[in-house]
Each structure stands twice: as structure tokens, then as C-alpha cells.
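Report on one structure; see the data block that follows.
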Amino acid sequence: MELMIVIVIIGILAAVGMVTFGGQSEKAKIAVAKSNFATVVKYISIEKTKCELDIDETIFDGNLTCSNLSKSNMPAVLISNNTAMALNKKLENPYKDRASVIYAVATSGKATNNKNIGIVLVTYGTMTNSKTINVAICFKENCSSADNRSEKLLTID
């Protein structure tokens, strides 16, 4: 009888714990995805500034030299696989079980696609301005909703 009472008490505690902590893993994934997005935006901004101010000859963890950059090709070069390689060594996709790729950063795709959840997508150029870098992420299911995405447009002057 005592054993059954203990089992019932453990069951009640487990049920209360599941309700209390049930949504925490999803909130943590959202927080990590948003943090990855902010990190990528800062990283690209800092790396392009290093070249613009002649602070460093190499950027993106030594994957690219500043002498290979010019105003016209900078957006394309900045978001090439050099960016993705350097950042994927440091960041992890919190939704890698649901995403189309396990990486945290990719250089193609759309943030409105649910298959790209948790992936920071770095693309360049628009129809009106080819000297822009677009950084976008979907951090929550239903990526077609603007409330579940973040986007930042960086310009190369």
C-alpha cells in the first residue's frame, strides 16, 4: 500500500513538472536561433569593416584576404562559402532535427520556407541595389508569418 502511495505521488509530481517545463525547450531553441542571427549580423559587419579600415589583411578566420575585395564584388564575396564556413564552426542550428540542413548558416534559401527553420540565410543583392547583404532567419514554426522571422539588410558603401 505504501509503495502505491509513493508511485501516485511521483506520478502527480511528474505531471506537474511536465506542465511547468513543457514549453521551455521550444523557448530555448527560439532564443538560440535569435542569438545566432544577431551573431551573424555583427560578424559580417565587423569583418567588412576590417577591410574598409585596413585593420586586417585577412578576414573570416583567414578564409579571405581583403586585397581580393572591391566595392563591386564585396557583397558576393562576403556571403560566399567563406562566411558560412567560418560561422558554422562557431554556431549550431537548434532545429537541426527539423531543418533541411544541419548547418546554422547557409548562403541560399528562403526564410519563409519551414525547411529552413533555425538557419541564418545570408544572401546578397536585390533588384534595386546589388550592394546589399540580406541576413534572415525563421526562428519559429510557420515561417510564412512575419512574426516568426527576423531580417536585416546590410549595405556596402
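Please work out if residue 61 is assigned to a loop (DSSP other than H, G, I, E, B), out of contact with any Ser or Thr (no Cβ under 9 Å at 6 or more places or on another chain) and at pLDDT below 80. The answer is yes for residue 61. The residue that is surrounded by the most Cβ atoms within 10 Å (Cβ to Cβ), counting only those in region 98-117 that are farther than 14 Å from residue 142 by Cβ and hydroxyl-bearing (Ser, Thr, Tyr), is 103. Restricting the search to region 5-58, which residues are closer than 25 Å to residue 107 by Cβ, without any contact (Cβ under 8 Å) to a residue 40 or more places away in the chain, of a type in the set (D, E, K, R) and assigned to a helix (DSSP H, G or I)? Passing the criteria: 42, 47, 50, 52.
Candidates in region 121-130 are the residues that are surrounded by fewer than 17 Cβ atoms within 10 Å (Cβ to Cβ) and touching a strand residue (DSSP E or B) at 6+ places or on another chain (Cβ under 7 Å); of these, the one that is modelled with the highest pLDDT is 125.
Restricting region 86-97 to residues that are surrounded by fewer than 15 Cβ atoms within 10 Å (Cβ to Cβ) and more than 10 Å from residue 118 (Cβ to Cβ), the residue that is modelled with the highest pLDDT is 90.
The values are calculated or read from the model by the stated rules, or taken from the named source; none is laboratory data. Computed from a predicted structure; not experimentally measured. Note that each Cβ is placed from the backbone with ideal geometry, even for glycine, and that neighbours are counted across all protein chains shown.
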